[in-house]
Amino acid sequence: MRFWMTVTLVAGLASAAAAQELTTPSAPDGPVAPNPAAPADGATGSPAADADLSSLSMQEVIGRQLGAFNARDIDLAWQFASPMIRSLFGTPQNFGTMVNRAYPMVWDNSATRFVATRQSDAVTFQQVMVQDTNGKLHLLEYAMIKTSDGWKIDGVFLLPPPDVGT
């Protein structure tokens, strides 16, 4: 399973880097919520100052990482990466560079909406509609794993936009 995830992650990175022009997916069922750079509920965004990160829900982990990228807090974003992602990129700086280049809609996001969740073995997949700063919508799928340190992001995949009927 780990090998498949690594191969899929690398393939997903290549696809994301190559897909410069996406058509806008159909509008989600509900509104796309603003994604503030600062964590909600009075949190500072600092792992040392905030409550235990291991108690965050899967969606809170994704939201906090998206907020950390907006705030350019790569060290905080790194806290939500799985051990496999950490071993793949080695440093928060390498990780941040990859996200900036391959996932510009994650690096500079203005709104998010959690769409669908599915389970496959030990991995939970969470689809997230992300709006970039130009207003374009992108459908991403986050591979999430539950560790002793809480939910961690084990990969992000850019999904093709849904077919839009006429």
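Read-outs throughout are calculated quantities, based only on the coordinates presented, and are distinct from any laboratory measurement. The shown structure was predicted, so the numbers you read here are calculated from the model rather than taken from an experiment. Because the Cβ atoms are built from the backbone with ideal geometry, glycine has one as well, and the counts that use them run over all protein chains shown.
Worth a mention:
- Residue check for Phe125: touching an Asp or Glu at 6+ places or on another chain (Cβ under 7 Å) and closer than 24 Å to Ser55 by Cβ: yes
- Restricting the range 130-156 to residues that are of a type outside the set (Val, Ile, Thr) and touching a His at 6+ places or on another chain (Cβ under 9 Å), the residue that is farthest from Glu60 (Cα to Cα): Asp132
- Residues of the range 99-132 satisfying the condition of being assigned to a helix (DSSP H, G or I), out of contact with any Lys or Arg (no Cβ under 8 Å at 6 or more places or on another chain) and crowded, with 17+ Cβ neighbours inside 10 Å: Val99, Ala102, Pro104, Val106, Trp107
- Filtering the range 68-98 to residues that are crowded, with 17+ Cβ neighbours inside 10 Å, farther than 27 Å from Lys136 by Cα and among the small types (Gly, Ala, Ser) leaves only Ser82.
- Cross-chain or 6+ apart pairs with Cβ under 8 Å, the range 88-99 first and touching a residue at least 40 places away in the same chain (Cβ under 8 Å), then in a helix (DSSP H, G or I) and not β-branched (Val, Ile, Thr): Leu88/Leu9; Met98/Leu13; Met98/Phe89
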